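A quick write-up on the structure given underneath.
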Amino acid sequence: MSRPSRLQRQVLSLYRELLRAGRGKPGAEARVRAEFRQHASLPRSDVLRIEYLYRRGRRQLQLLRSGHATAMGTFVRPRGPTEEPGDVTAPETRLDDGGAPKTACEGTGDAVR
């Protein structure tokens, strides 16, 4: 097996530094591991994307080290039981005959006059 490239060494170093900086901060270590696992399948030839993610990771490391960060989390919209991952409509929105979205309160025909 060949030696790791300079970029590979930098990425591994960043991973270790992020894990060290995240010690004692709730959710930080798990988030770092999840982020690196998510991008582990990137092809080695995609250098531009790897460098972008490396720079993004460096900025996150600076934020973790700054002392202002007390925890690390993500913003995730919870999925309903019938909602598909690619569904772009809101949970309480349905489409009418014309294709325009309507909320549950609009267009029911039960309006009181």
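Measuring with a 1.4 Å probe in the full set of protein chains, what accessible area per residue, in whole Å², belongs to segment 1-56?
Averaged over the residues of segment 1-56, the accessible area is 77 Å².
Mind grabbing the accessible area of LEU48 for me, 1.4 Å probe, Å², rounded to tens?
Counting only protein heavy atoms, LEU48 exposes about 140 Å² to solvent.
May I ask you to give the percent of accessible area on segment 34-76 that is carbon plus sulfur, with a probe radius of 1.4 Å?
Exposed carbon and sulfur together represent 55 percent of the surface.
Order HIS68, HIS39, most accessible first, counting only protein heavy atoms with a 1.4 angstrom probe.
Values: HIS68 165, HIS39 55 Å².
Largest to smallest exposure gives the sequence HIS68, HIS39.
In a Debye calculation with equal point scatterers on the alpha-carbon sites of segment 3-51 and no solvent, what is log10 I(q)/I(0) at q = 0.20, 0.24 Å⁻¹?
Per q value, in the given order, log10 I(q)/I(0) is -0.73, -0.94.
The values are calculated or read from the model by the stated rules, or taken from the named source; none is laboratory data. As the structure is a computational prediction, the values presented were derived from the model and not from experiment. The protein model used for the area step is the full one, side chains on, heavy atoms only, and it has no ligands, DNA or RNA in it. Shrake-Rupley method; radii C 1.70, N 1.55, O 1.52, S 1.80 Å.
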